[in-house]
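Below is one structure, written out as structure tokens; the observations come after it.
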Amino acid sequence: MCGIVGYIGKNNALPILMDGLKRLEYRGYDSAGVAVKTDQGVFAVKAVGKIVELEKKITPLTPPLSGGSNLGIAHTRWATHGAPSEVNAHPHCDCQRKIWLAHNGIIENYQELKALLIKKGHKFVSETDTEVVAHLLEDLYDGNLTNTLIKALRLLKGAYGLVIFHAAEPTKLLAAKCGSPLVIGLTEDGTIVASDVSAIIRYTKQVIYLDDNEVAEISGHDFKIYNLQSETVAKQAKTIDWDIEASEKAGFPHFMLKEIFDQPNSLANSLRGRIILSDGKVKLGGLDIVAEKVRAIEKLVIAACGTARHAGLIGEYMIEEYAGLSTEVDYASEFRYRQPVLDKKTALLVISQSGETADTLAAVQEAKGKGLLTLGIVNVVGSSIARATDAGVYNHIGPEISVASTKAFTSQAAILALLTVMLGRQRQMSLVMGERICRELLALPEKMREILKTSEQIKKIAEKYSKFAHFAYLGRKYNQPLAFEGALKLKEISYLHAEGFASGEMKHGPIAMIDGNFPVVMIAPQDSVYEKNYSNMQELKARGAKIIAITTAGNEKIKEAADDVIYIPKTLEMLTPILAAMPLQLFAYHLAALSGRDVDKPRNLAKSVTVE
Ligand code: AGP
């Protein structure tokens, strides 16, 4: 997830672009850049780090900027392809430095296109997927950037929000969308295009949302919108009723809720371009260089902390059941103290959203010291863990801002499912099974949308239970780690006492605590262990427990044992935790928000824990 902004109009573009970038900084902040058309040509500047670093490099009062500019684009980057560096920062341009563009998304077929364009003599300077679009436009350019762009877009696969200008057509700013958001703000004096309204709202509340496969051709305050068949599309402007603060959160009261609601998109981004359905296979580009070593391993140790470790526990079940590879999960903070028995046929897989968690990094170093292959599932490109591991897979979910991890968790579990298919297909998994898991993975975003519709119902349940001080979370098999995750979510943002247990463990001690004042959240989808979970619910009911059950849509019978029921759509058993996580996140969120907690920044916690 990156932030893009473009401006064309009567005013000076640069201050509008810089202000827009600052408002979009929450979308990504490893590097930034701006390109404006001036009387003396295109002025472009880029910097690594936050927007202030870019600002330091701009002197608006000296030429070429002193003459002002009415056209420009800017970008704040969240790296996906290529490390955060000046050369990889946007805007990118063609060989002649005339076509400039900023991009949010992932061009899936950039390698094929790049190879083709290199053969034709184009010179690439960055490692990004984005640069290919600039050279493709240069290659196809027919004197009209709009027609050329429509032709080029027909060749692209993947997701994009693009803002583009050509120095030879300075009365035109183009925008194109597929998968990544773009909104056009209409003012008296000009037009602003941005990734979201936070970059626009200071200037206007009149906006047009571009839909997928649409191209906007903007000249001052006139605009035309085309589809990819070059037909014009009529669009109505909408009036936004948010204020500046709410706009960064897309109208949500907290980043946590925004990130929970972002999951259908973020999960789709994690899967994008990684599934070859017809072969029942996955393509994890970051693991290509170690594919043969991975084929040879006989054991996998997963090390991670907190929520990332809970995802790892789900991965353990997946990999052992479907790939037949012995897997164990460690607390990263314990990995080097317990003297694990490791040999060269073992690989260490670490999971970390931030890529900076000190304990997880220490586990990587420990394993490297012992000569093990080290792999990572990391969200932040170029982070310490991403650099320290031998190879890995990025989440591609954009920055997670709320301290409580939500969209990273579902993405981590989904990537572990992809890894299961990769490991399985290298071993005994059939094409049919590989295809089945992949098909079910691709269906998850839509099912997540269904779950989000229950947010208000979950809020009412949270209200009902808001006076209780203790909660138990129970789950079995794939959903046992989810019991720990559900409890962690609640305790970290509500400060209430919550504990996760394997359902079968209750009768070995914890059930002694249970009475009418200790509600139980039971994760019980209709899977291979449902009957056992149902018996556990009855045991709890007999002791006066109040039960909130999460189960599969259509399961009416569970109402005989549960006080409140939240339904999730049916999926493959191994993928149920990805769906069941969402009601748990929403329950924790609503309960904490109702109690007036500082949901995004809970006390005593930090987003990345860089000390041991
Ligand atoms: C989860 O909500 C937490 N904030 C925390 O457990 C987190 O998952 C843990 O600190 C690991 O962080 P990482 O993924 O950035 O390594």
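Taking all protein chains as they are arranged and a probe of 1.4 Å, the heavy atoms of D243 leave approximately 90 Å² accessible to solvent. For the chain, the longest principal axis of the Cα atoms and the long axis of helix 576-594 meet at an angle of about 80 degrees. Amide hydrogen proximity for T187: with H placed 1.01 Å from N in the peptide plane, the residues at 5 or more positions away or on another chain lying under 5 Å are I192. A 1.4 Å probe run over region 453-598, with the rest of the protein chains in place, finds 36 Å² accessible per residue.
Phi angles across region 477-487 convert, under the Karplus curve 6.51 cos²θ - 1.76 cosθ + 1.60 with θ = phi - 60°, into 3J(HN,Hα) values of 6, 4, 9, 5, x, 5, 4, 5, 5, x, 5 Hz, Gly and Pro given as x. Averaged over its residues, region 169-314 has an accessible area of 42 Å² per residue, based on protein heavy atoms and a 1.4 Å probe. The C-alpha atoms of the chain define a longest principal axis, and helix 530-542 lies at about 60 degrees to it. For K447, a cut-off of 18 angstrom between C-alpha atoms picks up these aspartates and glutamates, skipping any fewer than 8 places away in its own chain: E259, D262, E456, D527, E573. The alpha carbon centroids of region 1-46 and region 527-552 are separated by 55 Å. Summarising the label geometry, the points placed 7 Å from Cα in the beta-carbon direction at S430 and R543 lie 4.3 nm from one another. Think of a 1.4 Å ball rolled over the protein heavy atoms: region 32-76 then has 44 Å² of accessible area per residue.
Amide hydrogen proximity for L349: with H placed 1.01 Å from N in the peptide plane, the residues at 5 or more positions away or on another chain lying under 5 Å are V301, I302, A303, L375.
Mean residue ellipticity at 222 nm from the helices of the chain, using -39,500 (n - 2.57) per DSSP H segment of n ≥ 4 over the full residue count, to the nearest 500 deg cm²/dmol?
Numbers: 19 runs with 207 residues, N = 612.
Value at 222 nm, helices only: -10000 deg cm²/dmol.
The string of couplings for region 264-281 from the Karplus curve (6.51, -1.76, 1.60, θ = phi - 60°) is x, 6, 5, 5, 4, 5, 5, 8, 3, x, 10, 10, 10, 4, 4, 9, x, 10 Hz, one whole number per residue in order, with x for Gly and Pro. Here the accessible area of the chain is 51 percent carbon and sulfur, with a 1.4 angstrom probe and all protein chains present.
Note: relative contact order over region 3-240, using C-alpha pairs below 8 Å and six or more positions apart, is 20 percent.
With an 8 Å Cα cut-off and a minimum separation of 6 or more residues, compute the relative contact order for region 453-598 in percent. Walk me through the numbers before you get to the answer.
Values: 261 pairs, mean separation 44.2, N = 146.
Over region 453-598, the number comes to 30 percent.
From the alpha carbon centroid of region 491-505 to that of region 330-375 is 27 Å. Skipping prolines and chain starts, which residues have an amide H placed within reach, meaning under 5 Å, of the one on N213, given they are 5 or more residues away or on another chain? HN-HN under 5 Å from N213: K177, C178, G179. For the chain, the relative contact order works out to 11 percent when only alpha carbon pairs closer than 8 Å and six or more residues apart are counted.
The values are calculated or read from the model by the stated rules, or taken from the named source; none is laboratory data. Bear in mind that the values here come from a model prediction, so they are computed numbers and not experimental data. Positions of Cβ are generated from backbone atoms using ideal geometry, with glycine treated the same way; all protein chains shown enter the neighbour counts. Only protein heavy atoms, including side chains, enter the accessible area calculation; ligands, DNA and RNA are left aside. Shrake-Rupley method; radii C 1.70, N 1.55, O 1.52, S 1.80 Å.
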